[in-house]
Amino acid sequence: MGRHKVVLYNPRAVFFTMPLALVAVGSALDPQRYQVRVVDGRLERTPVQAVLAEVEDALCLGITVLTGAPIQDALEVSRAVKARHPGMPIIWGGWHPSLFPLETLDEPAVDVTVQGQGEVTFAAVVERLAEGELPAGVAGCAYRPPGREAPVANPPRPMTDMNTLPAANYGLIAVDSYFARKGRRQLDYISSVGCYYRCAFCADPFVYRRRWSAIEPARVGDELEHLWRRHRFEEVAFQDETFFTHRKRVVAIAEEFLRRGLTFTWTATMRADQGHRLSDEIFALCVRAGLRRVMIGVESGSQQMLDWMTKDITLEQVMACAEKCARHGIGAIFPFIVGFPGEPDEAVEATLELIKRLRAMSPDFETPIFYYKPYPGSRITDEVVRRGYRLPQSLEEWARFDFIGSSGPWVSREKYEQIERFKFYNRFAWGPETWWRRPLQVLARWRCRRNFYHLPVEKVIVERLKPLPKLS
Ligand code: B12
Ligand code: SF4
(Lines give C-alpha, C1' and ligand atoms only; values in the text may rest on other atoms or scores of the structure.)
(Ligands and ions follow the chains in the order given, each with its own letter.)
Protein backbone atom coordinates (compact mmCIF):
# COMPACT_ATOMS: atom_id res chain seq x y z
CA MET A 1 0.00 0.00 0.00
CA GLY A 2 1.30 3.52 -0.85
CA ARG A 3 2.01 6.14 1.77
CA HIS A 4 -0.67 8.64 2.77
CA LYS A 5 0.13 12.22 1.93
CA VAL A 6 -0.22 14.83 4.69
CA VAL A 7 -0.04 18.52 3.73
CA LEU A 8 0.99 21.15 6.29
CA TYR A 9 0.55 24.89 5.82
CA ASN A 10 2.22 27.91 7.44
CA PRO A 11 0.30 31.19 6.94
CA ARG A 12 1.85 34.27 5.41
CA ALA A 13 3.78 36.67 7.70
CA VAL A 14 6.42 39.36 7.39
CA PHE A 15 9.19 37.47 9.24
CA PHE A 16 11.00 34.41 7.96
CA THR A 17 11.46 32.30 11.07
CA MET A 18 11.48 28.67 9.99
CA PRO A 19 8.12 26.91 10.46
CA LEU A 20 9.35 24.87 13.43
CA ALA A 21 5.84 23.84 14.47
CA LEU A 22 5.21 22.14 11.13
CA VAL A 23 8.66 20.59 11.13
CA ALA A 24 7.91 19.21 14.62
CA VAL A 25 4.51 17.69 13.85
CA GLY A 26 5.61 16.50 10.39
CA SER A 27 8.69 14.77 11.83
CA ALA A 28 6.54 12.87 14.33
CA LEU A 29 4.67 11.00 11.57
CA ASP A 30 5.99 7.57 10.61
CA PRO A 31 7.83 8.13 7.27
CA GLN A 32 7.04 4.54 6.25
CA ARG A 33 3.34 5.36 6.31
CA TYR A 34 3.15 9.09 5.59
CA GLN A 35 4.61 11.44 3.05
CA VAL A 36 4.68 14.98 4.47
CA ARG A 37 4.58 18.12 2.30
CA VAL A 38 5.04 21.55 3.88
CA VAL A 39 3.70 24.60 2.06
CA ASP A 40 4.78 27.95 3.48
CA GLY A 41 2.58 30.88 2.46
CA ARG A 42 5.58 33.18 2.93
CA LEU A 43 7.50 31.43 0.16
CA GLU A 44 4.64 31.14 -2.35
CA ARG A 45 3.38 33.74 -4.79
CA THR A 46 -0.12 32.26 -4.72
CA PRO A 47 -0.43 30.28 -1.47
CA VAL A 48 -4.02 29.12 -2.03
CA GLN A 49 -3.14 27.67 -5.43
CA ALA A 50 -0.03 26.02 -4.02
CA VAL A 51 -2.05 24.30 -1.28
CA LEU A 52 -4.83 23.29 -3.67
CA ALA A 53 -2.26 21.65 -5.93
CA GLU A 54 -0.68 19.74 -3.03
CA VAL A 55 -3.89 18.52 -1.37
CA GLU A 56 -5.23 16.95 -4.57
CA ASP A 57 -4.22 13.44 -3.41
CA ALA A 58 -3.81 14.10 0.32
CA LEU A 59 -5.30 12.47 3.38
CA CYS A 60 -5.64 15.74 5.31
CA LEU A 61 -4.39 19.30 5.70
CA GLY A 62 -2.83 20.68 8.90
CA ILE A 63 -2.37 24.42 9.51
CA THR A 64 -0.45 26.25 12.25
CA VAL A 65 -2.33 29.29 13.53
CA LEU A 66 -1.22 32.17 15.79
CA THR A 67 -3.71 34.71 17.09
CA GLY A 68 -4.04 37.74 14.80
CA ALA A 69 -3.33 38.25 11.11
CA PRO A 70 -2.34 34.60 10.35
CA ILE A 71 -5.97 33.60 11.00
CA GLN A 72 -7.11 35.46 7.90
CA ASP A 73 -4.77 33.51 5.66
CA ALA A 74 -5.54 30.24 7.44
CA LEU A 75 -9.25 30.86 6.83
CA GLU A 76 -8.76 31.64 3.14
CA VAL A 77 -6.74 28.49 2.58
CA SER A 78 -9.06 26.27 4.64
CA ARG A 79 -12.19 27.54 2.91
CA ALA A 80 -10.68 27.13 -0.56
CA VAL A 81 -9.67 23.55 0.24
CA LYS A 82 -13.08 22.73 1.75
CA ALA A 83 -14.85 24.18 -1.28
CA ARG A 84 -12.81 21.97 -3.65
CA HIS A 85 -12.65 18.88 -1.39
CA PRO A 86 -15.60 18.92 1.06
CA GLY A 87 -14.55 15.57 2.55
CA MET A 88 -10.93 16.54 3.31
CA PRO A 89 -10.25 16.82 7.06
CA ILE A 90 -8.66 20.13 8.05
CA ILE A 91 -6.76 20.32 11.33
CA TRP A 92 -5.72 23.57 12.99
CA GLY A 93 -2.98 23.51 15.63
CA GLY A 94 -0.84 26.11 17.39
CA TRP A 95 -1.55 28.93 19.82
CA HIS A 96 -4.95 30.17 18.70
CA PRO A 97 -6.69 26.78 18.51
CA SER A 98 -4.94 25.87 21.78
CA LEU A 99 -6.63 28.84 23.44
CA PHE A 100 -9.97 28.40 21.65
CA PRO A 101 -10.38 24.69 20.90
CA LEU A 102 -14.17 24.70 20.51
CA GLU A 103 -14.79 28.26 19.32
CA THR A 104 -12.41 27.66 16.39
CA LEU A 105 -14.60 24.73 15.38
CA ASP A 106 -17.52 27.13 14.77
CA GLU A 107 -15.79 27.61 11.43
CA PRO A 108 -17.21 24.93 9.11
CA ALA A 109 -13.89 24.62 7.25
CA VAL A 110 -12.09 23.41 10.39
CA ASP A 111 -12.72 19.82 11.52
CA VAL A 112 -10.18 19.24 14.29
CA THR A 113 -8.21 21.54 16.62
CA VAL A 114 -5.08 20.41 18.47
CA GLN A 115 -4.14 21.91 21.86
CA GLY A 116 -0.61 22.50 23.14
CA GLN A 117 2.28 20.25 22.09
CA GLY A 118 1.14 18.71 18.83
CA GLU A 119 3.50 15.86 17.89
CA VAL A 120 1.84 12.89 19.58
CA THR A 121 -1.71 14.20 19.24
CA PHE A 122 -1.32 14.90 15.53
CA ALA A 123 0.17 11.46 14.87
CA ALA A 124 -2.81 9.88 16.66
CA VAL A 125 -5.34 12.05 14.79
CA VAL A 126 -3.79 11.26 11.42
CA GLU A 127 -3.74 7.56 12.27
CA ARG A 128 -7.49 7.71 12.94
CA LEU A 129 -8.15 9.61 9.74
CA ALA A 130 -6.14 7.06 7.75
CA GLU A 131 -8.47 4.41 9.11
CA GLY A 132 -11.49 6.48 8.12
CA GLU A 133 -12.37 7.22 11.74
CA LEU A 134 -12.96 10.31 13.86
CA PRO A 135 -10.42 11.33 16.53
CA ALA A 136 -12.91 10.44 19.28
CA GLY A 137 -11.09 10.10 22.61
CA VAL A 138 -7.69 11.21 21.24
CA ALA A 139 -6.25 13.30 24.10
CA GLY A 140 -5.21 16.87 23.29
CA CYS A 141 -7.68 17.64 20.53
CA ALA A 142 -11.25 18.73 19.85
CA TYR A 143 -13.29 17.84 16.79
CA ARG A 144 -16.63 18.35 15.15
CA PRO A 145 -18.41 15.15 14.27
CA PRO A 146 -19.99 15.31 10.81
CA GLY A 147 -23.58 16.50 10.66
CA ARG A 148 -24.95 19.02 13.07
CA GLU A 149 -23.66 17.76 16.37
CA ALA A 150 -21.83 20.19 18.67
CA PRO A 151 -18.01 20.03 18.75
CA VAL A 152 -16.45 17.62 21.21
CA ALA A 153 -13.43 18.42 23.42
CA ASN A 154 -11.32 15.40 24.31
CA PRO A 155 -9.30 15.38 27.57
CA PRO A 156 -6.02 17.33 27.61
CA ARG A 157 -2.75 15.51 26.91
CA PRO A 158 -0.01 15.66 29.57
CA MET A 159 3.28 17.18 28.45
CA THR A 160 5.42 14.80 26.40
CA ASP A 161 9.13 14.59 27.25
CA MET A 162 10.84 16.09 24.20
CA ASN A 163 13.54 13.40 24.36
CA THR A 164 10.98 10.75 23.45
CA LEU A 165 10.10 12.54 20.20
CA PRO A 166 11.96 12.02 16.93
CA ALA A 167 14.50 14.66 15.86
CA ALA A 168 13.19 17.58 13.81
CA ASN A 169 13.52 16.64 10.14
CA TYR A 170 14.65 19.83 8.40
CA GLY A 171 14.48 17.93 5.13
CA LEU A 172 10.76 18.78 5.19
CA ILE A 173 11.50 22.44 4.44
CA ALA A 174 13.64 24.34 1.94
CA VAL A 175 16.19 25.53 4.52
CA ASP A 176 18.15 27.60 1.96
CA SER A 177 15.04 29.57 1.00
CA TYR A 178 14.76 30.79 4.61
CA PHE A 179 18.46 31.72 4.68
CA ALA A 180 17.91 33.69 1.48
CA ARG A 181 14.80 35.47 2.80
CA LYS A 182 16.49 36.28 6.13
CA GLY A 183 19.58 37.52 4.32
CA ARG A 184 21.86 35.29 6.43
CA ARG A 185 22.47 31.64 7.17
CA GLN A 186 20.62 31.54 10.46
CA LEU A 187 18.94 28.31 11.52
CA ASP A 188 15.93 28.38 13.84
CA TYR A 189 15.86 25.60 16.39
CA ILE A 190 13.79 24.73 19.43
CA SER A 191 15.43 22.92 22.36
CA SER A 192 12.71 23.26 24.99
CA VAL A 193 8.98 23.97 25.28
CA GLY A 194 6.91 25.59 28.01
CA CYS A 195 8.00 27.80 30.89
CA TYR A 196 7.89 27.62 34.71
CA TYR A 197 7.06 31.30 35.18
CA ARG A 198 3.75 33.14 35.53
CA CYS A 199 3.89 36.53 33.78
CA ALA A 200 0.33 37.81 33.85
CA PHE A 201 0.31 39.02 30.21
CA CYS A 202 1.58 35.77 28.66
CA ALA A 203 -0.34 32.77 27.33
CA ASP A 204 2.42 30.26 28.01
CA PRO A 205 1.35 29.52 31.62
CA PHE A 206 -2.15 28.77 30.32
CA VAL A 207 -1.15 26.60 27.34
CA TYR A 208 1.74 24.71 29.00
CA ARG A 209 0.41 24.90 32.59
CA ARG A 210 3.79 26.13 33.85
CA ARG A 211 5.55 22.94 32.77
CA TRP A 212 8.78 22.74 30.84
CA SER A 213 10.46 20.00 28.82
CA ALA A 214 13.85 20.11 27.13
CA ILE A 215 16.05 18.04 24.85
CA GLU A 216 19.14 16.58 26.57
CA PRO A 217 22.36 18.54 25.87
CA ALA A 218 24.07 15.63 24.08
CA ARG A 219 21.15 15.30 21.71
CA VAL A 220 21.08 19.08 21.10
CA GLY A 221 24.79 18.78 20.23
CA ASP A 222 24.19 15.79 17.94
CA GLU A 223 21.28 17.37 16.10
CA LEU A 224 22.95 20.73 15.61
CA GLU A 225 26.25 19.18 14.54
CA HIS A 226 24.41 17.08 11.95
CA LEU A 227 22.44 20.11 10.72
CA TRP A 228 25.54 22.31 10.66
CA ARG A 229 27.50 19.83 8.54
CA ARG A 230 24.56 19.67 6.19
CA HIS A 231 23.50 23.32 5.96
CA ARG A 232 26.63 25.25 7.03
CA PHE A 233 24.70 27.94 8.86
CA GLU A 234 26.47 30.80 10.67
CA GLU A 235 24.09 31.10 13.54
CA VAL A 236 21.43 29.22 15.50
CA ALA A 237 18.45 31.14 16.87
CA PHE A 238 17.04 29.18 19.82
CA GLN A 239 13.32 29.93 19.72
CA ASP A 240 12.71 28.51 23.23
CA GLU A 241 10.55 30.58 25.59
CA THR A 242 13.20 30.38 28.34
CA PHE A 243 16.44 28.80 27.12
CA PHE A 244 18.41 29.62 30.30
CA THR A 245 16.01 27.71 32.58
CA HIS A 246 18.65 25.33 34.00
CA ARG A 247 22.21 26.46 34.53
CA LYS A 248 23.71 22.96 34.30
CA ARG A 249 21.95 22.27 31.03
CA VAL A 250 23.21 25.53 29.51
CA VAL A 251 26.76 24.69 30.58
CA ALA A 252 26.47 21.19 29.13
CA ILE A 253 25.15 22.54 25.80
CA ALA A 254 27.98 25.09 25.58
CA GLU A 255 30.49 22.32 26.31
CA GLU A 256 28.93 20.14 23.60
CA PHE A 257 29.45 22.93 21.06
CA LEU A 258 33.08 23.42 22.11
CA ARG A 259 33.91 19.70 22.25
CA ARG A 260 32.50 19.18 18.77
CA GLY A 261 34.28 22.22 17.35
CA LEU A 262 31.03 23.83 16.17
CA THR A 263 31.93 27.35 15.17
CA PHE A 264 28.48 28.87 14.65
CA THR A 265 27.23 31.67 16.88
CA TRP A 266 23.91 31.45 18.72
CA THR A 267 21.17 33.60 20.22
CA ALA A 268 18.72 32.64 22.96
CA THR A 269 16.13 33.87 25.45
CA MET A 270 17.12 34.65 29.03
CA ARG A 271 15.23 36.04 32.02
CA ALA A 272 16.84 38.85 34.03
CA ASP A 273 16.76 36.78 37.23
CA GLN A 274 18.44 33.88 35.43
CA GLY A 275 21.14 36.13 33.97
CA HIS A 276 21.66 37.72 37.38
CA ARG A 277 22.21 34.30 38.97
CA LEU A 278 24.52 33.07 36.20
CA SER A 279 28.21 33.34 37.14
CA ASP A 280 30.77 35.23 35.11
CA GLU A 281 32.46 31.89 34.37
CA ILE A 282 29.29 30.57 32.72
CA PHE A 283 28.80 33.78 30.75
CA ALA A 284 32.40 33.49 29.55
CA LEU A 285 31.93 29.80 28.65
CA CYS A 286 28.79 30.61 26.65
CA VAL A 287 30.61 33.36 24.76
CA ARG A 288 33.48 30.96 23.96
CA ALA A 289 30.86 28.52 22.69
CA GLY A 290 29.39 31.16 20.37
CA LEU A 291 26.72 33.04 22.35
CA ARG A 292 26.25 36.34 20.55
CA ARG A 293 22.96 37.78 21.74
CA VAL A 294 20.25 37.20 24.32
CA MET A 295 16.66 38.39 24.50
CA ILE A 296 15.58 39.46 27.97
CA GLY A 297 11.94 40.53 28.42
CA VAL A 298 12.00 43.43 30.89
CA GLU A 299 8.52 44.76 30.10
CA SER A 300 8.58 47.75 32.52
CA GLY A 301 10.91 50.17 34.29
CA SER A 302 8.56 50.36 37.27
CA GLN A 303 9.04 47.77 40.01
CA GLN A 304 5.41 48.26 41.00
CA MET A 305 4.26 47.30 37.50
CA LEU A 306 6.64 44.33 37.42
CA ASP A 307 5.21 43.08 40.71
CA TRP A 308 1.65 43.66 39.48
CA MET A 309 2.27 41.53 36.39
CA THR A 310 4.08 38.87 38.49
CA LYS A 311 7.13 39.10 36.27
CA ASP A 312 9.17 37.89 39.25
CA ILE A 313 12.23 39.97 38.43
CA THR A 314 13.66 43.09 40.05
CA LEU A 315 15.11 46.18 38.40
CA GLU A 316 18.39 45.45 40.19
CA GLN A 317 18.50 42.05 38.47
CA VAL A 318 17.86 43.73 35.12
CA MET A 319 20.75 46.15 35.59
CA ALA A 320 23.11 43.49 36.93
CA CYS A 321 22.27 41.18 34.05
CA ALA A 322 22.69 43.99 31.48
CA GLU A 323 26.01 44.91 33.03
CA LYS A 324 27.22 41.30 32.69
CA CYS A 325 26.12 41.15 29.06
CA ALA A 326 27.93 44.40 28.30
CA ARG A 327 31.06 43.20 30.12
CA HIS A 328 31.12 39.92 28.20
CA GLY A 329 30.41 41.59 24.85
CA ILE A 330 27.01 39.91 24.45
CA GLY A 331 24.37 41.84 22.53
CA ALA A 332 20.90 42.00 24.05
CA ILE A 333 17.35 42.76 23.05
CA PHE A 334 15.29 44.04 25.99
CA PRO A 335 11.63 44.18 24.92
CA PHE A 336 9.31 46.52 26.84
CA ILE A 337 5.54 46.85 26.93
CA VAL A 338 3.67 50.08 27.62
CA GLY A 339 -0.06 50.76 27.82
CA PHE A 340 -1.10 48.15 30.37
CA PRO A 341 -4.62 48.82 31.68
CA GLY A 342 -4.43 51.37 34.50
CA GLU A 343 -0.67 51.93 34.04
CA PRO A 344 0.14 55.30 35.64
CA ASP A 345 2.09 57.92 33.67
CA GLU A 346 4.96 57.68 36.17
CA ALA A 347 5.37 53.99 35.31
CA VAL A 348 5.67 54.81 31.59
CA GLU A 349 8.21 57.53 32.45
CA ALA A 350 10.17 55.00 34.52
CA THR A 351 10.17 52.63 31.55
CA LEU A 352 11.53 55.30 29.21
CA GLU A 353 14.22 56.20 31.75
CA LEU A 354 15.32 52.57 32.08
CA ILE A 355 15.43 52.24 28.31
CA LYS A 356 17.76 55.22 28.10
CA ARG A 357 20.07 53.71 30.72
CA LEU A 358 20.17 50.36 28.93
CA ARG A 359 20.74 51.86 25.50
CA ALA A 360 23.61 53.94 26.80
CA MET A 361 25.35 50.83 28.18
CA SER A 362 26.18 49.18 24.86
CA PRO A 363 25.73 49.85 21.13
CA ASP A 364 24.67 46.19 20.94
CA PHE A 365 21.63 46.68 23.19
CA GLU A 366 18.20 47.13 21.62
CA THR A 367 15.06 48.15 23.47
CA PRO A 368 11.92 47.61 21.35
CA ILE A 369 8.74 49.03 22.85
CA PHE A 370 5.43 47.27 22.22
CA TYR A 371 1.97 48.50 23.13
CA TYR A 372 0.05 46.15 25.37
CA LYS A 373 -2.71 44.20 23.67
CA PRO A 374 -4.84 41.77 25.70
CA TYR A 375 -3.76 38.54 24.03
CA PRO A 376 -6.03 35.72 25.16
CA GLY A 377 -5.10 33.13 27.78
CA SER A 378 -3.56 35.43 30.38
CA ARG A 379 -4.51 36.78 33.81
CA ILE A 380 -4.54 40.45 32.75
CA THR A 381 -6.80 39.67 29.80
CA ASP A 382 -9.19 37.75 32.04
CA GLU A 383 -9.27 40.74 34.39
CA VAL A 384 -10.01 43.33 31.69
CA VAL A 385 -12.71 41.08 30.24
CA ARG A 386 -14.32 40.86 33.68
CA ARG A 387 -14.30 44.66 33.76
CA GLY A 388 -16.11 44.87 30.42
CA TYR A 389 -13.44 44.76 27.68
CA ARG A 390 -14.87 42.96 24.67
CA LEU A 391 -12.59 40.41 23.09
CA PRO A 392 -13.19 39.44 19.45
CA GLN A 393 -15.94 36.87 19.12
CA SER A 394 -15.38 35.33 15.70
CA LEU A 395 -12.30 34.15 13.80
CA GLU A 396 -12.73 37.10 11.42
CA GLU A 397 -12.54 39.49 14.38
CA TRP A 398 -9.54 37.66 15.83
CA ALA A 399 -7.80 37.99 12.45
CA ARG A 400 -7.96 41.79 12.85
CA PHE A 401 -6.65 41.67 16.44
CA ASP A 402 -2.95 42.26 16.17
CA PHE A 403 -0.02 43.76 17.91
CA ILE A 404 1.90 45.40 15.13
CA GLY A 405 0.88 48.95 14.15
CA SER A 406 -1.63 49.50 16.95
CA SER A 407 -1.24 51.44 20.20
CA GLY A 408 -3.81 49.35 22.05
CA PRO A 409 -6.86 50.59 23.92
CA TRP A 410 -5.13 51.99 27.03
CA VAL A 411 -2.80 54.56 25.47
CA SER A 412 -4.00 58.12 24.89
CA ARG A 413 -3.18 59.83 21.59
CA GLU A 414 -0.88 62.19 23.50
CA LYS A 415 1.02 59.36 25.21
CA TYR A 416 1.30 57.51 21.91
CA GLU A 417 2.85 60.58 20.25
CA GLN A 418 5.30 61.00 23.13
CA ILE A 419 6.36 57.34 23.00
CA GLU A 420 6.74 57.34 19.22
CA ARG A 421 8.96 60.43 19.41
CA PHE A 422 10.95 58.88 22.23
CA LYS A 423 11.47 55.72 20.16
CA PHE A 424 12.79 57.75 17.26
CA TYR A 425 15.25 59.86 19.25
CA ASN A 426 16.34 56.98 21.45
CA ARG A 427 17.11 54.89 18.40
CA PHE A 428 19.30 57.60 16.88
CA ALA A 429 20.89 58.72 20.15
CA TRP A 430 22.64 55.45 20.91
CA GLY A 431 22.79 53.57 17.61
CA PRO A 432 26.00 52.90 15.65
CA GLU A 433 28.16 55.96 15.08
CA THR A 434 28.53 56.84 11.39
CA TRP A 435 29.46 60.21 9.90
CA TRP A 436 26.03 60.81 8.38
CA ARG A 437 24.24 59.98 11.66
CA ARG A 438 26.57 62.07 13.80
CA PRO A 439 24.73 65.47 13.75
CA LEU A 440 21.40 63.76 14.33
CA GLN A 441 22.94 61.68 17.08
CA VAL A 442 24.21 64.71 18.99
CA LEU A 443 20.79 66.34 18.76
CA ALA A 444 18.98 63.14 19.67
CA ARG A 445 21.16 62.63 22.78
CA TRP A 446 20.52 66.17 23.85
CA ARG A 447 16.77 65.66 23.47
CA CYS A 448 16.80 62.33 25.33
CA ARG A 449 18.85 63.72 28.23
CA ARG A 450 16.41 66.61 28.63
CA ASN A 451 13.27 64.62 27.80
CA PHE A 452 12.51 67.26 25.19
CA TYR A 453 10.56 65.82 22.30
CA HIS A 454 8.60 68.88 21.12
CA LEU A 455 8.78 70.09 17.51
CA PRO A 456 10.26 66.83 16.18
CA VAL A 457 11.59 68.39 12.97
CA GLU A 458 14.38 65.80 12.52
CA LYS A 459 11.85 62.98 12.85
CA VAL A 460 9.61 64.46 10.17
CA ILE A 461 12.56 64.98 7.81
CA VAL A 462 14.04 61.50 8.33
CA GLU A 463 10.65 59.82 7.92
CA ARG A 464 10.01 61.75 4.71
CA LEU A 465 13.40 60.70 3.36
CA LYS A 466 13.19 57.06 4.38
CA PRO A 467 10.24 55.36 6.07
CA LEU A 468 11.62 53.48 9.10
CA PRO A 469 10.40 50.00 10.06
CA LYS A 470 8.24 50.50 13.18
CA LEU A 471 10.01 48.20 15.59
CA SER A 472 12.01 49.88 18.30
C1 B12 B 1 9.10 32.42 16.08
C2 B12 B 1 7.96 33.17 16.73
C3 B12 B 1 7.32 34.14 15.97
C4 B12 B 1 7.65 34.38 14.50
C5 B12 B 1 6.90 33.50 13.51
C6 B12 B 1 6.11 32.33 14.03
C7 B12 B 1 5.45 31.55 12.88
N8 B12 B 1 4.95 30.40 13.15
O9 B12 B 1 5.37 31.99 11.80
C10 B12 B 1 7.24 35.86 14.33
C11 B12 B 1 8.49 36.70 14.54
C12 B12 B 1 6.57 36.22 13.02
C13 B12 B 1 6.30 36.05 15.52
C14 B12 B 1 5.48 37.12 15.62
C15 B12 B 1 4.66 37.34 16.70
N16 B12 B 1 4.51 36.55 17.78
CO17 B12 B 1 5.51 34.96 18.06
N18 B12 B 1 6.59 33.58 18.63
C19 B12 B 1 7.53 32.91 18.05
C20 B12 B 1 8.12 31.89 19.05
C21 B12 B 1 9.31 32.55 19.76
C22 B12 B 1 8.57 30.55 18.51
C23 B12 B 1 7.51 29.81 17.69
C24 B12 B 1 8.01 28.44 17.38
O25 B12 B 1 8.52 28.17 16.31
N26 B12 B 1 7.96 27.53 18.36
C27 B12 B 1 8.43 26.15 18.21
C28 B12 B 1 7.28 25.21 17.83
C29 B12 B 1 7.77 23.79 17.76
O30 B12 B 1 6.32 25.32 18.87
P31 B12 B 1 4.83 25.78 18.55
O32 B12 B 1 4.81 26.80 17.52
O33 B12 B 1 4.16 26.09 19.83
O34 B12 B 1 4.20 24.43 17.95
C35 B12 B 1 3.79 23.35 18.75
C36 B12 B 1 2.32 23.41 19.16
O37 B12 B 1 1.82 24.73 19.26
C38 B12 B 1 1.60 22.59 18.13
N39 B12 B 1 1.29 23.16 16.83
C40 B12 B 1 1.64 24.31 16.28
N41 B12 B 1 1.18 24.40 15.03
C42 B12 B 1 0.52 23.27 14.75
C43 B12 B 1 -0.14 22.84 13.60
C44 B12 B 1 -0.76 21.59 13.60
C45 B12 B 1 -1.46 21.13 12.39
C46 B12 B 1 -0.73 20.79 14.77
C47 B12 B 1 -1.40 19.49 14.78
C48 B12 B 1 -0.06 21.22 15.92
C49 B12 B 1 0.57 22.45 15.90
O50 B12 B 1 2.54 21.56 17.92
C51 B12 B 1 3.86 22.12 17.86
C52 B12 B 1 4.85 21.09 18.35
O53 B12 B 1 4.59 20.72 19.68
C54 B12 B 1 6.90 31.73 20.02
C55 B12 B 1 7.27 31.30 21.42
C56 B12 B 1 7.59 29.82 21.46
N57 B12 B 1 8.71 29.48 21.97
O58 B12 B 1 6.82 28.98 20.97
C59 B12 B 1 6.25 33.11 19.97
C60 B12 B 1 4.73 33.21 20.08
C61 B12 B 1 4.14 32.13 19.22
N62 B12 B 1 4.46 34.52 19.50
C63 B12 B 1 3.52 35.16 20.10
C64 B12 B 1 3.16 36.50 19.81
C65 B12 B 1 2.24 37.19 20.81
C66 B12 B 1 3.66 37.12 18.68
C67 B12 B 1 3.31 38.53 18.21
C68 B12 B 1 1.86 38.86 18.26
C69 B12 B 1 3.96 39.63 19.02
C70 B12 B 1 5.36 39.60 19.35
N71 B12 B 1 5.79 40.71 19.84
O72 B12 B 1 6.10 38.63 19.22
C73 B12 B 1 3.85 38.57 16.77
C74 B12 B 1 2.77 38.62 15.71
C75 B12 B 1 2.21 37.28 15.35
C76 B12 B 1 1.19 37.42 14.28
N77 B12 B 1 -0.06 37.57 14.68
O78 B12 B 1 1.52 37.41 13.13
C79 B12 B 1 2.88 34.32 21.18
C80 B12 B 1 1.60 33.61 20.69
C81 B12 B 1 0.34 34.21 21.19
C82 B12 B 1 -0.85 33.76 20.36
N83 B12 B 1 -1.98 33.76 21.01
O84 B12 B 1 -0.78 33.46 19.21
C85 B12 B 1 4.06 33.34 21.49
C86 B12 B 1 3.64 32.03 22.07
C87 B12 B 1 5.00 34.08 22.48
C88 B12 B 1 4.37 34.29 23.84
N89 B12 B 1 4.72 33.51 24.84
O90 B12 B 1 3.55 35.17 24.01
N91 B12 B 1 6.42 35.04 16.42
S1 SF4 C 1 6.79 36.00 29.34
FE2 SF4 C 1 8.43 34.48 29.14
S3 SF4 C 1 9.05 34.07 31.29
FE4 SF4 C 1 7.04 35.04 31.39
S5 SF4 C 1 5.58 33.33 31.44
FE6 SF4 C 1 5.78 33.97 29.29
S7 SF4 C 1 7.35 32.63 28.45
FE8 SF4 C 1 7.51 32.52 30.69
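The values are calculated or read from the model by the stated rules, or taken from the named source; none is laboratory data. From a predicted model like this one, the values you see are computed outputs, not experimental measurements. Virtual Cβ from ideal backbone geometry, glycine too; neighbours counted across all protein chains shown. Surface accessibility is based on the protein's heavy atoms, side chains included, excluding ligands, DNA and RNA. Shrake-Rupley method; radii C 1.70, N 1.55, O 1.52, S 1.80 Å.
Just a few scattered comments:
- Residue check, residue 401 assigned to a loop (DSSP other than H, G, I, E, B), outside the structural domain of residue 282 (by TED's automatic domain parsing) and open to solvent by less than 20 Å² (accessible area, probe 1.4 Å): yes
- Selection of the stretch 182-204 for residues being in a loop (DSSP other than H, G, I, E, B), more than 11 Å from ligand 2 (Cβ to nearest atom) and either without any contact (Cβ under 8 Å) to a residue 24 or more places away in the chain or open to solvent by 20 Å² or more (accessible area, probe 1.4 Å) (or both) yields 183, 184, 185, 190.
- All positions within the stretch 1-17 that are over 15 Å from the mean Cα position of the chain (by Cα) and assigned to a strand (DSSP E or B): 4, 5, 6, 7, 8, 9
- Scan of the stretch 69-84 for residues that are modelled with pLDDT of 95 or more and either within 13 Å of ligand 1 (Cβ to nearest atom) or more than 20 Å from residue 114 (Cβ to Cβ) (or both), ordered by number: 70, 71, 72, 73, 74, 76, 77, 78, 80, 83, 84
- Whichever residue in the stretch 28-68 is of a type in the set (Ser, Thr, Tyr) and within 21 Å of residue 84 (Cα to Cα) and, among such residues, is surrounded by the fewest Cβ atoms within 10 Å (Cβ to Cβ): 46
- Failed condition for residue 133, given (1) away from ligand 2 (no atom under 16 Å from the Cβ); (2) over 25 Å from residue 10 (Cα atoms); (3) in contact (Cβ under 8 Å) with a residue 12 or more places away in the chain: (3)
- Residue list for the stretch 431-448, restricted to those being touching a residue at least 60 places away in the same chain (Cβ under 8 Å) and within 13 Å of residue 352 (Cβ to Cβ): 448
- Residue list for the stretch 13-26, filter: at pLDDT 95 or above and open to solvent by 20 Å² or more (accessible area, probe 1.4 Å): 16, 17, 20, 21, 24, 25
- Residue within the stretch 57-67 that is farther than 14 Å from residue 9 by Cβ, in contact (Cβ under 8 Å) with a residue 24 or more places away in the chain and charged (D, E, K, R) present: yes
- Filtering the stretch 382-398 for residues that are under 27 Å from residue 286 (Cβ atoms), among the hydrophobic types (A, V, I, L, M, F, W, C) and in contact (Cβ under 8 Å) with a residue 60 or more places away in the chain leaves an empty set.
- No other residue among 326, 332, 347, 284 is within 20 Å of the chain's Cα centre (by Cα) and either without any contact (Cβ under 8 Å) to a residue 60 or more places away in the chain or within 16 Å of ligand 2 (Cβ to nearest atom) (or both) apart from 332.
- Of the strands (runs of 3 or more DSSP E) lying entirely inside the stretch 230-300, those containing at least 1 residues that are of a type in the set (S, T, N, Q) span 265-269.
- In this entry, residue 209 is excluded by the filter for residues that are open to solvent by 20 Å² or more (accessible area, probe 1.4 Å), within 11 Å of ligand 2 (Cβ to nearest atom), part of a loop (DSSP other than H, G, I, E, B) and among the basic types (Lys, Arg).
- All of 470, 423 fail the test of being surrounded by 11 or more Cβ atoms within 10 Å (Cβ to Cβ), within 27 Å of the chain's Cα centre (by Cα) and either assigned to a helix (DSSP H, G or I) or at pLDDT below 90 (or both), apart from 423.
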